[in-house]
Amino acid sequence: MPETVTCSDEVLAQFAQKLKVCGHPVRLKLLCHIAREQDLCVSELWTCVQQPQPVVSQHLAVLKDKGIVQSEVKGNKRIYSIVDPFVRDMVDALETGHAAAVNQSAAAGS
């Protein structure tokens with residue numbers, strides 16, 4: 001029987017925490033916008049996700065506190081980027097999966 005590799009409880013707990021934090025719809029939408037666009041600041045993000053600025057700031061604070069995003073001051077703007085590789089890969093996979101689903105749906109409608 002081939003030997004299987006299993007994730008340790010510690011690793012599973014870390015990934016579960018990341019998924020839990022990113023699983024909120026507003027946070028996931030923020031992450032998609034951050035991944036897709038360069039140099040988005042809070043005012044641009046709250047416009048993109050159609051949420052009040054305080055709500056967006058709270059969600060960004062949670063993502064930052066958990067080490068998923070970081071912010072950098074450029075001029076008078078605070079710019080956000082995804083720094084967690086697992087989350088970056090997950091968001092990229094969501095974007096790729098969404099594009100494939102749209103293409104498949106368009107092909108089926110033709």
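The values are calculated or read from the model by the stated rules, or taken from the named source; none is laboratory data. Just so it is clear, the model here is predicted, and its values are computed rather than measured. As a convention, Cβ positions derive from the backbone with ideal geometry for all residues, glycine included, and neighbour counts pool all protein chains shown.
Here is how the numbers come out for the structure above:
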read-out: Qualifying residues in region 48-70 (those that are in a helix (DSSP H, G or I) and touching a residue at least 40 places away in the same chain (Cβ under 8 Å)) - the one surrounded by the fewest Cβ atoms within 10 Å (Cβ to Cβ); value: Val62
read-out: Test result for Asp39, under 16 Å from the mean Cα position of the chain (by Cα) and on the phi > 0 side of the Ramachandran plot; value: yes
read-out: Cβ-Cβ under 8 Å pairs, at least 6 apart or on other chains, region 11-29 side polar (S, T, N, Q), far side surrounded by 15 or more Cβ atoms within 10 Å (Cβ to Cβ); value: Gln17/Lys66
read-out: Residues of region 71-97 that turn out to be in a strand (DSSP E or B) and either of a type in the set (S, T, N, Q) or under 14 Å from the mean Cα position of the chain (by Cα) (or both), as a count; value: 4
read-out: Those residues of region 71-86 which are in contact (Cβ under 8 Å) with a residue 40 or more places away in the chain and over 19 Å from Val42 (Cβ atoms), in sequence order; value: Asp84, Phe86
read-out: Candidates Lys29, Lys20 - the one that is basic (Lys, Arg), within 14 Å of Met90 (Cα to Cα) and loosely packed, with under 12 Cβ neighbours inside 10 Å; value: Lys20
read-out: Criterion violated by Phe15 - all others in (1) out of contact with any Cys (no Cβ under 8 Å at 6 or more places or on another chain); (2) modelled with pLDDT under 95 satisfied; value: (1)
read-out: Test for Val83: is it touching a Leu at 6+ places or on another chain (Cβ under 6 Å), surrounded by 10 or more Cβ atoms within 10 Å (Cβ to Cβ) and modelled with pLDDT of 90 or more; value: no
read-out: Residue check, Val42 among the hydrophobic types (A, V, I, L, M, F, W, C) and at pLDDT 90 or above; value: no
